[in-house]
1. What is the sum of charges, Lys and Arg at +1 and Asp and Glu at -1, for the other residues whose Cβ falls under 15 Å from the Cβ of A:Leu19?
2. Per residue, how much space in cubic angstrom lies within the convex hull of the C-alpha atoms of the protein assembly as shown?
3. If Lys and Arg each add +1 and Asp and Glu each add -1, what is the summed charge of the other residues whose beta carbon sits under 14 Å from the beta carbon of A:Glu66?
4. Taking the Kirkwood radius as the inverse of the mean 1/r across Cα pairs, report the Rg/Rh of the stretch B:26-79.
5. Can you grab the distance from the C-alpha centre of the stretch A:22-48 to the C-alpha centre of the stretch B:54-93, Å, no decimals?
6. Which aspartates and glutamates have a Cα lying under 14 Å from the Cα of B:Lys18, excluding residues fewer than 8 positions away in the same chain?
7. If you build a Gaussian network model of chain B, linking Cα atoms that sit under 10 Å apart, which residue out of B:Asn94, B:Asn84, B:Asn31 swings the most?
8. What percent does the relative contact order of the stretch A:3-112 come to when contacts are Cα pairs within less than 8 Å and at least six residues apart?
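We did not get these values from a lab; they are worked out from the coordinates using the rules stated. Remember, it's a predicted structure, so these values are computed and weren't measured experimentally. Here Cβ is always computed from backbone atoms with ideal geometry, including for glycine, and neighbour counts include all displayed protein chains.
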Amino acid sequence: AQSVTQPDIHITVSEGASLELRCNYSYGATPYLFWYVQSPGQGLQLLLKYFSGDTLVQGIKGFEAEFKRSQSSFNLRKPSVHWSDAAEYFCAVSDQSGNQFYFGTGTSLTVIP
Amino acid sequence: DVKVTQSSRYLVKRTGEKVFLECVQDMDHENMFWYRQDPGLGLRLIYFSYDVKMKEKGDIPEGYSVSREKKERFSLILESASTNQTSMYLCASNHAAGPNTGELFFGEGSRLTVL
């Protein structure tokens, strides 16, 4: 069965520190992979996506993610976190038709000064 | 700027009332989705529509119905609201084909409280 696991429910980092949010997926076919960010009371905004090609993808706001097929992972990273990065982060996988999406349960990020 | 607009950001309804949540997208997307978001459960698909008047049940369709009479508009209907339908509802859309297939665009959400 298709699924997405975000093992960390909540993460706290200091401003300026590096960040890595974990995402593991279970998917039978070649997946499309996404990271979305949700600020409080808002909808989801796409940070980055992986469809094919270079396994290291760059996104908005200085985020990047690396697709590792052997580990079924798509971890999100940022070298230096800003206070404005505090939000909920969702990893998602879809089929290539764009019709079916599976979302993780999210990781809540707190940034302390 | 591309946009998915949900007509109501916050609603408070009473048990048994009929509730309409409206969603409009201006990107000529074929696909439209309604999700429900609850803490610790992530996003769960209620209904999906791939064309006008076409719909498919998602993971949690019970207690909900949908309507898509025009390509740009997708409505979620709660025929008789119950307290366990208190939640955040998110509308999303995307293209069914082409180079940008897959990427979902979300509205800002409608937070529904049923008393």
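1. Taking every other residue near A:Leu19 into account, the sum is -3.
2. Convex hull volume per residue, Cα atoms: 124 Å³.
3. +3
4. Over the Cα atoms of the stretch B:26-79, Rg/Rh equals 0.98.
5. 22
6. B:Glu79
7. Most flexible of the set in this elastic network: B:Asn84.
8. 38
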